[in-house]
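Each reported figure results from applying straightforward, stated rules to the coordinates on display, with no laboratory input. Being a predicted model, the structure only gives us computed values, none of them experimental. Virtual Cβ from ideal backbone geometry, glycine too; neighbours counted across all protein chains shown.
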Amino acid sequence: MRILIDNGNTPAAPRPYIGHYGRLRKAYLEQYRPDLYTALVANEKLHEHCAEIDEAARSRIDLIMPQLAKSAGATEALKATDPMKWVGLMNACRAQAEEIAKFELIYV
């Protein structure tokens, strides 16, 4: 029979992934909102906060991309007839969706 003794050295839970938008949020907080940044670091919530922002930004972009593509006329028919124009429209829609997500979630 083995008895396990907890000496306080148990590994912490793995941190959630922080992607591009989470890193942008961290940089913004560090530079423009130092009080909030310091509070999040002190409470050990910065990593969690940035991961949540990253997930929210990705979800927001995924939600508005189809709407922007539809309004820009980037259809499957256009993709079949003029792929270069379709790619250009989709790139423009992606850039617009990213700017919306940054404005709404990251730089606030």
Have a look at Gly88, Ser59, Tyr21 and report the one farthest towards the positive end of the charge dipole of the chain, computed about the Cα centre with Cβ charges (Lys/Arg +1, Asp/Glu -1).
Gly88
If you stretched the chain out fully between Asp35 and Ser71, how much longer would it get, using 0.36 nm times the residue separation minus the C-alpha to C-alpha distance?
8.9 nm
Report the label-to-label distance for His20 and Glu52 in nanometres (one decimal), using points 7 Å from each Cα along the Cα→Cβ vector.
2.4 nm
What's the local net charge at Tyr107, with K and R +1, D and E -1, over the other residues with C-beta under 11 Å away?
+1
Kindly rank 47-57, 68-78, 95-105 from highest to lowest mean number of other beta carbons found within 10 Å of each residue.
47-57, 95-105, 68-78
In deg cm²/dmol, rounded to 500, what helix-only [θ] at 222 nm does the chain give when every DSSP H run of at least 4 residues adds -39500 (n - 2.57) and the total is split over its residues?
-22500 deg cm²/dmol
Which FRET efficiency value, to the nearest 0.05, is calculated for Leu78 and Tyr107 with the Förster distance at 30 angstrom and r the Cβ-Cβ distance?
0.35
Candidate span helices, the chain: DSSP H, at least 24 Å along axis from Cα coords, Kyte-Doolittle average at least -1.0, result 46-72, 83-101
Starting from the Cα-Cα distance between Val87 and Asp62, subtract it from 0.36 nm times their residue separation and give me the gain in nm to one decimal.
7.3 nm
Net charge around Asp62, counting only other residues with Cβ within less than 12 Å of its Cβ (Lys, Arg = +1; Asp, Glu = -1)?
+1
Give me the dipole magnitude in Debye, nearest 20, for the chain about the Cα centre, with unit charges on the beta carbon: positive for Lys and Arg, negative for Asp and Glu.
200 debye
